[in-house]
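Shown next, in structure tokens, is the structure this report addresses.
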Amino acid sequence: MEERLYDLIFICRPDTPEPEIDKLIATLEQTAGEHGSKIEKTEKWGTRKLAYRVRKLREGYYVYLALRSTQGEVIKELERRLKVTDSVMKYLTVRLDEEIKRQQKLVRRRERRAARRPRKATPTGSGDQQAAAGQRND
């Protein structure tokens, strides 16, 4: 089975102490490690204003995790842990490798199309250029 890339972003309550957020991140890293996946990047984006109220709050503490996994069960377990944690207001997991494949497929398709139809080169000094400049050959 091939490795898949995931982005996991979760929002904690703004009044959550920093050590508790660190503890939650460590728990998620340990859980991912137990299931054979690897967290490649962890970023704490800090307190930011939300687009709309969530649980009567206007701000939240954002945390971003990038992980690689061969098993989808890891994601289910991480989301389950986030769901039962009281300090987490919202979370979102996005599978990236499908999007990357889609972009690569579009690039290949464009390259094939460009190779099939080579651009027509106009010779210098042709009538088209003279006509565009307002000159005529009569």
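Computed from the coordinates by the stated procedures, all read-outs in this text should not be read as laboratory data. Predicted model only: the values in this text are computed from it and were never measured. Quick reminder, even Gly has a Cβ in these numbers, built from the backbone with ideal geometry, and neighbours come from all protein chains shown.
When ranked by the protection proxy of mean other Cβ atoms within 10 Å per residue, highest first, what sequence do the peptides 6-19, 34-47 form?
Numbers: 6-19: 16.7, 34-47: 13.6.
Order by mean packing, descending: 6-19, 34-47.
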Region 59-106 and region 1-29 have their Cα centres apart by a whole-number Å value of 9 Å
The set of residues whose placed amide H lies less than 5 Å from the amide H of Glu59, leaving out same-chain residues fewer than 5 positions away, is Leu50
Cross-link reach from Lys56 to aspartates and glutamates, straight Cα distance under 15 Å and at least 8 residues apart if same chain, gives Asp15, Asp86
Applied in sequence order to region 72-83, the curve 6.51 cos²θ - 1.76 cosθ + 1.60 (Karplus, θ = phi - 60°) yields integer Hz couplings, x standing for Gly and Pro, of x, 5, 4, 5, 4, 5, 4, 5, 4, 5, 5, 5
The lysines whose Cα lies under 29 Å from the Cα of Lys101, excluding any fewer than 8 residues away in the same chain, are Lys38, Lys41, Lys44, Lys76, Lys90
On the formula 1/(1 + (r/R0)^6), with r taken between the Cβ atoms of Glu40 and Asp15 and R0 of 30 Å, the FRET efficiency rounded to 0.05 is 0.55
